[in-house]
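Input: a single structure, listed below in structure tokens.
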Amino acid sequence: MIVNMVVAGISGMLIPLTLDRYGVDPAVASSVFVTTITDIVGFVAFLGLASIVLL
């Protein structure tokens, strides 16, 4: 959960800044990217921890 929160905070800061630099409206586009990255990292962290515990 800590890993997921850290990644969500970092991606929630960097993705809108990057989109703004490329001229895209960050209020419209960033939510999809932040949600996707947060879900993927949370899923991988959860399964990684489960595989470490089970092996």
* Asked: Regarding Val53, is this residue modelled with pLDDT under 95 and touching a helix residue (DSSP H, G or I) at 6+ places or on another chain (Cβ under 8 Å)?
  -> no
* From Gly12, Gly23, which residue is modelled with pLDDT of 90 or more and on the phi > 0 side of the Ramachandran plot? -> Gly23
* Does segment 1-23 hold any residues that are surrounded by 10 or more Cβ atoms within 10 Å (Cβ to Cβ) and farther than 21 Å from Ala45 by Cα, and which are they? -> Pro16, Leu17, Thr18, Leu19, Asp20
* With respect to Pro26, determine if the residue is surrounded by 13 or more Cβ atoms within 10 Å (Cβ to Cβ) and in contact with a Leu (Cβ under 6 Å, 6 or more places away or on another chain). => yes
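The values are calculated or read from the model by the stated rules, or taken from the named source; none is laboratory data. On a predicted model such as this, the values are computed, not experimentally measured, just so you know. No Cβ is skipped: glycine too gets one built from the backbone with ideal geometry, and neighbour counts run over all protein chains shown.
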